[in-house]
Amino acid sequence: QDIIQAGASDIAGLKRVEVLSETLLGNLEGRIDESFISKPNFDDVFKQMMAIAADLDAVRATKATTILEDRVKKLRERMAAQLEAKAKAPLAQISKLLAELKEPAQLM
């Protein structure tokens, strides 16, 4: 019976660690958005966040570091796609104008 009670205590402790881990990861992940990534000090702050995530990795089945890295990667890809879409029309217009240039005198 003592072994069962000790095991139950371990399970309760593991459950608390799991809840705390999820809470911390959710907090870290929730802070990562487009405005945060755009800040000049993002890299420094993200390194600190990754150090916390590395500590969480020790008690998690799914790696917190991977989750945070994936979030940043997806946000950067989305931001790049938005910039590309925004630049598409002006670039097409510039390409058209360049194609119409035949003589240096046309630049004047």
Checklist outcome for this item: Which of Lys15/Lys39; Lys47/Lys74; Lys47/Lys73 exceed 26 Å between C-alpha atoms? The answer is Lys15/Lys39
Checklist outcome for this item: With x for Gly and Pro, the residue-by-residue ³J(HN,Hα) of region 23-38, computed from phi through the Karplus equation 6.51 cos²θ - 1.76 cosθ + 1.60 at θ = phi - 60° and given in whole Hz, is 5, 5, 4, x, 5, 4, 5, x, 7, 8, 9, 4, 5, 5, 5, 7
Checklist entry - To the nearest 500 deg cm²/dmol, what mean residue ellipticity at 222 nm is calculated for the chain from DSSP H runs of n ≥ 4 alone, each contributing -39,500 (n - 2.57), summed and divided by the residues? => result -28000 deg cm²/dmol
Item to check | Accessible surface of region 1-96 [probe 1.4 Å, protein heavy atoms]: carbon and sulfur percent | outcome: 59 percent
Checklist outcome for this item: For the chain the mean separation of alpha carbon contacts under 8 Å (6+ apart) over residue count, i.e. relative contact order in percent, is 25 percent
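The values are calculated or read from the model by the stated rules, or taken from the named source; none is laboratory data. All of these numbers come straight from a predicted model, not from anything done at the bench. Areas reflect the complete protein model, heavy atoms only, side chains present, ligands, DNA and RNA absent. Shrake-Rupley method; radii C 1.70, N 1.55, O 1.52, S 1.80 Å.
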